[in-house]
1. What residues qualify as long-range amide H neighbours of residue 128, i.e. H under 5 Å apart, gap of 5 or more or another chain, H built at 1.01 Å from N?
2. Once amide H atoms are placed 1.01 Å from N in the peptide plane, what residues at a sequence separation of 5 or more from residue 52, or on another chain, have their amide H within under 5 Å of its amide H?
3. Please list, in order along region 29-40, the HN-Hα scalar couplings obtained from phi with the Karplus expression 6.51 cos²θ - 1.76 cosθ + 1.60 (θ = phi - 60°), rounded to whole Hz, x for Gly and Pro.
4. Please give the contour-minus-distance gain from residue 87 to residue 24: 0.36 nm per residue of separation, less the Cα-Cα distance, rounded to one decimal in nm.
5. At a threshold of 8 angstrom on Cα-Cα distance, excluding pairs fewer than six apart, so keeping six or more, what relative contact order does the chain reach in percent?
6. From a point 7 Å beyond the Cα of residue 58 in the direction of its Cβ, which residues of region 1-31 have a backbone N at a distance under 19 Å?
7. In square angstrom, rounded to the nearest 10, how much accessible surface does residue 21 have for a 1.4 Å probe?
8. Would you mind checking which residues have amide H under 5 Å from residue 6's amide H? H placed 1.01 Å from N; only 5 or more apart, or other chain.
Amino acid sequence: MARIKHVAIRTPDPEKTAAFYKEVFDLREVGLASSGYYLSDGYINLAILKSADEGSGESPRDLPGYAGIDHLGFQVEDVDETCRRLEAAGATARTDRVDLRPAASSARGAYYERKYAGPDDQLIDVSGHGWVGTSP
């Protein structure tokens, strides 16, 4: 069974939002994202990312100042099989396969091998390696 290991939220103020989750829930800061922070309780990675300053019109998540869920990440045993299942179910690949080994932790695609759009255009990360701060 795949495991949810990553949730990303967008906010206009990642520093303030990260401080809230660290203070209230004792989450640890385990890394820096390209536009925010990675927090963890040891089991799941929570990315706090900065909202877009200007919207692209691609989705409601791209509206300036958007605050809410951006995407979910699933850690799976077999990335290729999961990708086949996603495509058979009608999901659309948003990225090509990423080689994670040389990526810096703050680089886009540092933790997921593929990104898909689900049935209502929700973004889904698929990883065989998991995310920083999470247990295997």
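The values are calculated or read from the model by the stated rules, or taken from the named source; none is laboratory data. This one's a predicted model, so the numbers in the text were calculated from it and none came from an experiment. In this analysis, Cβ positions are derived from the backbone assuming ideal geometry, glycine residues included, and neighbour counts consider all displayed protein chains. For accessibility, only protein heavy atoms count, side chains too; no ligands or nucleic acids. Shrake-Rupley method; radii C 1.70, N 1.55, O 1.52, S 1.80 Å.
1. 76, 113
2. The answer is 65, 66.
3. With coefficients 6.51, -1.76 and 1.60, one gets 7, 10, x, 10, 8, 5, 9, x, 9, 10, 10, 7 Hz.
4. On the way: separation 63, 0.36 × 63 = 22.68 nm, distance 3.90 nm.
Full extension from residue 87 to residue 24 adds 18.8 nm.
5. Numbers: 306 pairs, mean separation 37.7, N = 136.
Once normalised by length, the contact order is 28 percent.
6. It comes to 7-12, nothing else.
7. Roughly 60 Å² of residue 21 is accessible to a 1.4 Å probe.
8. 45, 73
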